[in-house]
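A.B. asks: Below: one structure in structure tokens.
The values are calculated or read from the model by the stated rules, or taken from the named source; none is laboratory data. If you're wondering where the values come from, they're calculated on a predicted model, not measured in any experiment. Neighbour counts are summed over all protein chains in view; Cβ atoms, including those assigned to glycine, are modelled from backbone coordinates with ideal geometry. Keep in mind that these areas ignore ligands, DNA and RNA; they rest on the heavy atoms of the full protein, side chains included. Shrake-Rupley method; radii C 1.70, N 1.55, O 1.52, S 1.80 Å.
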Amino acid sequence: MSAFLAILASFPLFMSAPASSIKTVLLALSGNALVTLAKFIAFALSGSGAMLSEAIHSLADTGNQVLLFLGLRRASRERDEDFHYGYGGERFVFGILSAAGIFFIGCGVTVYHGVTSLLHPHPVQVGASTFGVLGFSFLVEGGVLALAVRGVWAPSRALGFWRYVREKADPATVAILLEDGAAVLGLGLATGGIVLAHVTGNPVFDALASVVVGVLLGFIAVYLVLENRTHLLGRAVPDDVEARFQAIVRARPSIADIHDVKTRQLTPEVFLFKAEVRFSEAFVAGWLSQALRGVGELPSGEGRERALLPPAQSLIRLLSEEIDAIEADVRAAIPEARHIDLELEHLPASPSAATGDGGLRKSA
């Protein structure tokens, strides 16, 4: 299985999607499909409301993971003339669809069934097959959860596990962590409800377990909707990353100041930086003194323009190369900085201020 996932993750279709997210989603999808079948069989044998809730929960998880997989697939398409920054945001659209499935199917149907069982209780038939399915499901769900945690553990060492999950982890991976965490907890609740209903002869415990599982899924769904909404709106990069960006730009001897910094996370792996920079007058003056040294006395008329053309071309090239060097420094320190938009500061006091925005601009 791991070899198959590694091969699939290497296909060009997924070049821009995190390989760990793809593996995690496929593992969860395979495990939940198997567990869903087992739980429905157990429900048919026992008639347990909590077991039906768990089966519906696993069915919703399976459908949601199909949506997450489709989101990763569509988000991996290359940028084109219609979408210059690519299709990375598609994974957040499908993430919201997945969260909606958790809310309406996982939460809604489960809570409805639990409330119905409370209003119209019926005896629970418990046998060895019921606990066998619960044990099997716990092993599969727990194994998938452990693999998902392990996939996040290594890259989270620098930030810490929970901060990495909140700020850097792919939403698909976060969804799998929450869904499988809820699945393992839900199995424990379902087991407790079934055991109590069997021991006491009161089916209310089984119904209450169903309601609690449904409410838990509702909270998870709302959290995932809010998280994917934040990514769709394009939240700023973390403060420490923005501070690092500004420090790198200011460290260049050619830069006098940087301001109007704006950032956006297009995806957890792709950042956009925009800023206005002011070149050091001493830096430009030093270059001009060298460039004009060999020009001599400037002629008048068209000859003057021709004489100044080579230094002007050289100055434009100098500024362009300096911006390229700044971008290279930023990307070396911040690999996620795929798009960098640096503009020259508008100077109202300059003679050209009345004729335009005065901003030379170079985008990457």
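A.B. asks: Residues that are hydroxyl-bearing (Ser, Thr, Tyr) and modelled with pLDDT under 80: which helices (runs of 4 or more DSSP H) entirely in the range 1-77 hold 2 or more of them?
C.D. replies: Where helices (runs of 4 or more DSSP H) fall fully within the range 1-77 and carry at least 2 residues being hydroxyl-bearing (Ser, Thr, Tyr) and modelled with pLDDT under 80, they are 19-46, 49-75.
A.B. asks: Another question, if that's okay. Can you give me the number of residues within the range 28-44 that are aliphatic (A, V, I, L, M) and either more than 13 Å from Asp61 (Cβ to Cβ) or out of contact with any helix residue (DSSP H, G or I) (no Cβ under 7 Å at 6 or more places or on another chain) (or both)?
C.D. replies: 5
A.B. asks: Only one of these conditions is not met by Ser210: (1) buried (at least 16 other Cβ atoms within 10 Å of the Cβ); (2) among the polar types (S, T, N, Q); (3) over 23 Å from Gly101 (Cβ atoms). Which number is it?
C.D. replies: With respect to (1) buried (at least 16 other Cβ atoms within 10 Å of the Cβ); (2) among the polar types (S, T, N, Q); (3) over 23 Å from Gly101 (Cβ atoms), Ser210 is out only on (3).
A.B. asks: Hey, can you tell me all the residues within the range 63-79 that are open to solvent by 60 Å² or more (accessible area, probe 1.4 Å) and more than 16 Å from Asn32 (Cβ to Cβ)?
C.D. replies: Arg73, Arg74, Arg77, Glu78, Arg79
A.B. asks: Given the residues Gly181, Gly214, Gly188, which is the only one that is in contact with a Ser or Thr (Cβ under 7 Å, 6 or more places away or on another chain) and modelled with pLDDT of 85 or more?
C.D. replies: Just one listed residue meets the conditions, Gly214.
A.B. asks: Further question: Find the residue count for the range 338-364, including only residues that are open to solvent by 90 Å² or more (accessible area, probe 1.4 Å) and either more than 24 Å from Val249 (Cα to Cα) or modelled with pLDDT under 75 (or both).
C.D. replies: Counting residues in the range 338-364 that are open to solvent by 90 Å² or more (accessible area, probe 1.4 Å) and either more than 24 Å from Val249 (Cα to Cα) or modelled with pLDDT under 75 (or both) gives 8.
A.B. asks: Quick check, is Leu224 over 13 Å from the mean Cα position of the chain (by Cα), surrounded by 21 or more Cβ atoms within 10 Å (Cβ to Cβ) and under 26 Å from Ile96 (Cβ atoms)?
C.D. replies: No: the conditions fail for Leu224.
Residue-wise test of (1) open to solvent by 60 Å² or more (accessible area, probe 1.4 Å); (2) modelled with pLDDT of 75 or more.
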| position | (1), (2) |
| --- | --- |
| Gly296 | no, no |
| Gly303 | no, no |
| Ala307 | no, no |
| Leu315 | no, yes |
| Glu321 | yes, yes |
| Ala332 | yes, yes |
| Glu336 | no, yes |
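A.B. asks: State all residues of the range 47-62 that are surrounded by fewer than 24 Cβ atoms within 10 Å (Cβ to Cβ) and under 15 Å from Ala190 (Cβ atoms); if no residue qualifies, say none.
C.D. replies: Within the range 47-62, Gly47, Leu59 meet the criteria.
A.B. asks: Return the residues of the range 249-288 that are open to solvent by less than 20 Å² (accessible area, probe 1.4 Å) and hydroxyl-bearing (Ser, Thr, Tyr); say none if nothing qualifies.
C.D. replies: Ser254, Thr267, listed by residue number.
A.B. asks: Residues in the range 227-244 that are farther than 19 Å from Pro171 by Cα and open to solvent by 50 Å² or more (accessible area, probe 1.4 Å): how many?
C.D. replies: So the answer is 4.
A.B. asks: In the range 19-78, which residue that is β-branched (Val, Ile, Thr) and more than 19 Å from the chain's Cα centre (by Cα) is farthest from Leu266 (Cα to Cα)?
C.D. replies: The residue in question is Ile41.
A.B. asks: Tell me, please, whether a residue that is under 20 Å from Leu37 (Cβ atoms) and either modelled with pLDDT of 80 or more or charged (D, E, K, R) (or both) can be found in the range 115-133.
C.D. replies: Within the range 115-133, one or more residues are under 20 Å from Leu37 (Cβ atoms) and either modelled with pLDDT of 80 or more or charged (D, E, K, R) (or both).
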